[in-house]
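Inspection log for the structure reproduced underneath, given as structure tokens.
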Amino acid sequence: MLDYCRRNNWAGYDPFDGLNSRIFTNLPLLHNRISRLILTQGMKRFPINFRRLLLVPKGENPKGLAVFLSALLLLSNMGLLKNDDDIHHLIKRLIELRSPNTSHFCWGYHFDWQGRAFFLPKFVPNIICTTFAGNALLDAYAKFGDANYLNMARSAGDFLLEGLNLTKSGDEICFSYTPMDSGQVHNANLLGAAYLSRLYSITSAKKFLDPAVSAVRYSTRRQNEDGSWAYGEDKTQAWIDNFHTGYNLCALRKIGQYMNMEEFEPHVRLGFEFYRTHFFREDGAPKYFHNRVYPIDIHSIAQSIITLITFIDLDANNRTLADTIFQWAISNMWDEHGFFYYQITPYYKNKISYMRWSQAWMLLALATLLKHCNQAAATLPVSSSQIPLRLISA
């Protein structure tokens, strides 16, 4: 899989890149909300890849590059890369692809995107891309000690504080997704809070601490009694899905670690109990929604593995379930050319390779699982020569 991504220079198609079509770029058809929404969703859902025909180029997605970078840094720290050339290439490209015409280091997607509520031009910064890029730079800083990476990451934190819209309620705040909206999306808010918490843990800058705590309070106080979260607070955002719930839980766990506080641990435990109970079939296939299975999505598979390993302390069976999910993915969604498929529906299998959505996330998930295998193997009473065999079999 690493070879496949390297051969493609970490660039590829994306489920949401339909508006990058060179054929449709200058057509009046795309100058209205409905047409853009139809094209974006149609390209995302159709199992046949018409992107070459429609002249949609393969692109480097800043969030995808950030996820790849974090995965490669994990592999490098385990001694599993021959050198760090790919890491330095990804750092360089990530920096070069920062959003233009901004005073902060921040990042957006490499495609125009039409949502239900608003239109977002390519490279307009958003909290998701920016936090993943910032975390990748902090990972690089931890490995190489280059202060430039820390300075860029701090600038990304300043973007969250100064460049986004805030919903305020008492001692609570909620970060908007972009500078162009004022919505309340819980995974975006908690990922932002986790990122600010990490910056605080490194820099001791109090300007990052208080907003992080206020943001966590906003989203934890809106957690449902059964432990779940709706995607967002708008009435059109009431769904409960696998990978966004995983984002929420992992963000909360990191916040507790970075800030050395247990205030939000009951929310973590309640949320994980809901997650573990509602999002998996008996055969290991992760469900997309809490109340229905399909589509079975590779992103849900990847985040499930990461979430289960993150909360290995809460359930000793998490490792077994993570292994089962991995084996299910290999049996049902792996292509021998070196990539994972996108989705399985009740009617067809979508075999399109998406670089950010699928490959970057699965590489990070497998690196996370391998790190856990490494740590587990290190505690066993075996000679060092036996450990690689155990890892291979795992």
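Readers should treat all values here as calculations from the given coordinates under stated rules, not as data from a laboratory. Quick caveat: nothing in here was measured; it's all calculated off a predicted structure. Glycine gets a Cβ as well: all are built from the backbone with ideal geometry, and neighbour counts include every protein chain shown.
Miscellaneous remarks
- Estimated 222 nm signal from helices in the chain, with DSSP H stretches of n ≥ 4 weighted -39500 (n - 2.57), rounded to 500: -16500 deg cm²/dmol
- Alpha-carbon centroid distance for the pair region 207-232 / region 75-130, whole angstrom: 25 Å
- Loop-resident trypsin sites (Lys or Arg not before Pro) (DSSP state other than H, G, I, E or B) in region 90-188 with no more than 13 further Cβ atoms inside 10 Å of their Cβ: ARG116.
- Rg and Dmax, both from the Cα atoms of region 235-394 and both in Å, are 16.5, 57.
- Helices that extend 15 Å or more along their long axis by alpha-carbon positions and average at least 0.5 on the Kyte-Doolittle scale are, among the DSSP H runs of the chain, 62-77, 127-144, 298-310, 361-378.
- 10 Å Cβ shell holding at most 13 others, DSSP loop, GluC sites (Glu not before Pro): longest site-free stretch of the chain: 1-224
- Kirkwood hydrodynamic radius of the chain, from the reciprocal of the average inverse Cα-Cα distance over all distinct pairs: 21.6 Å.
- With the simple spin-label model, which puts each label point 7 Å out from Cα in the Cβ direction, the LEU27 to THR379 separation comes to 5.8 nm.
- Flagged links, alpha-carbon separation over 19 Å, of LYS44/LYS92; LYS122/LYS254; LYS143/LYS371; LYS63/LYS235; LYS82/LYS371: LYS44/LYS92; LYS122/LYS254; LYS63/LYS235
- Gaussian network model of the chain, springs between alpha carbon atoms under 10 Å - residue of ASN61, ASN151, ASN317 with greatest fluctuation: ASN317
- Volume per residue for region 134-222 equals 84 cubic angstrom (convex hull of Cα atoms).
- Radius of gyration over Kirkwood radius for region 150-297, both on Cα atoms: the Rg/Rh ratio is 0.99.
- Debye equation applied to the C-alpha atoms of region 61-146, log10 I(q)/I(0) at 0.23 Å⁻¹: -1.05
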